[in-house]
1. Across the range A:29-46, what is the total count of residues that are surrounded by fewer than 14 Cβ atoms within 10 Å (Cβ to Cβ) and farther than 21 Å from B:F39 by Cα?
2. Among the residues of the range A:63-77, is there at least one that is out of contact with any strand residue (DSSP E or B) (no Cβ under 7 Å at 6 or more places or on another chain), of a type in the set (V, I, T) and away from chain B (no Cβ under 14 Å)?
3. Which residue, of B:G61, B:G1, B:G53, is modelled with pLDDT under 95, under 19 Å from A:T103 (Cβ atoms) and part of a loop (DSSP other than H, G, I, E, B)?
4. Can you find a residue in the range B:91-112 that is over 25 Å from A:A86 (Cβ atoms) and more than 14 Å from chain A (Cβ to nearest Cβ)?
5. Which numbered condition in (1) under 19 Å from A:L44 (Cα atoms); (2) among the charged types (D, E, K, R); (3) part of a strand (DSSP E or B) is the only one that B:K20 fails?
6. Which condition breaks for A:Y88 when tested against (1) crowded, with 20+ Cβ neighbours inside 10 Å; (2) free of Cβ contacts under 8 Å to residues at least 40 places away in the same chain?
7. With the requirement that a residue be among the hydroxyl-bearing types (S, T, Y) and more than 23 Å from A:G71 (Cβ to Cβ), what does the range A:9-43 give you?
8. Consider only pairs whose beta carbons are under 7 Å apart and that are at least six residues apart or on different chains; among these, list those whose first residue lies in the range B:26-53 and is free of Cβ contacts under 8 Å to residues at least 12 places away in the same chain and whose second residue is surrounded by 22 or more Cβ atoms within 10 Å (Cβ to Cβ).
Amino acid sequence: KQEVTQIPAALSVPEGENLVLNCSFTDSAIYNLQWFRQDPGKGLTSLLLIQSSQREQTSGRLNASLDKSSGRSTLYIAASQPGDSATYLCAVGRSFSGYEKLTFGTGTRLTIIP
Amino acid sequence: GAVVSQHPSWVICKSGTSVKIECRSLDFQATTMFWYRQFPKQSLMLMATSNEGSKATYEQGVEKDKFLINHASLTLSTLTVTSAHPEDSSFYICSPSPRTYEQYFGPGTRLTVT
């Protein structure tokens, strides 16, 4: 059974700093890995998707890496802003009976201090 | 594009009553619908998967007679929590999928059972 863990569970950093969020998974037989952000009481916004054959993806100030063999992914946020405050979830996807099943991590609650 | 709505966004009901949650994909057709729930400070857990016009497939530990899923059309799915109890209080999120490896998420429904 796939298990996805995110460390740390919570993180507070001053505005402007760079930061790294970590995600680890136990089963390397994944199809892709996604990073999402979730604002309080709201749904999910997809940030980055990395296919299993890729090593990283970048979007603006965000960079996500994937090391499938070691079961790890990182999300790097550059020059953090108060608007980045949210819970960040990673999710690994695998193919199952013709569709994709996502297993979500436990999340990192990020607070950017102005 | 990829707009998903859920109704209601927030509901309180008394123990023993039933609650229906609607999920609509407003600008695409969802051949597959995923329903997740999220307990406080926990991650999203997949409850069930359904294809339009077919019976839903439930994850282990999720009671199919308690959580009734109807996916009657490509733009509408409903989740009915029958005979709700306080332990069913959770955040329910739908995720319609227009094609394999592509999912979008609704804003969620906060259910509180008193």
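The values are calculated or read from the model by the stated rules, or taken from the named source; none is laboratory data. Here the structure is a predicted model, which means the values were calculated and not measured. Backbone-built Cβ (ideal geometry, glycine too); neighbour counts: all protein chains shown.
1. Qualifying residue count, the range A:29-46: 1.
2. no
3. One residue alone meets the criteria, B:G61.
4. The answer is no, given that none of the residues of the range B:91-112 is over 25 Å from A:A86 (Cβ atoms) and more than 14 Å from chain A (Cβ to nearest Cβ).
5. Here B:K20 meets the rest and fails (1).
6. Failing condition for A:Y88: (2).
7. Matches in the range A:9-43: A:S12 only.
8. So the pair list comes out as B:S43/A:L89; B:S43/A:F104; B:S43/A:G105; B:S43/A:G107.
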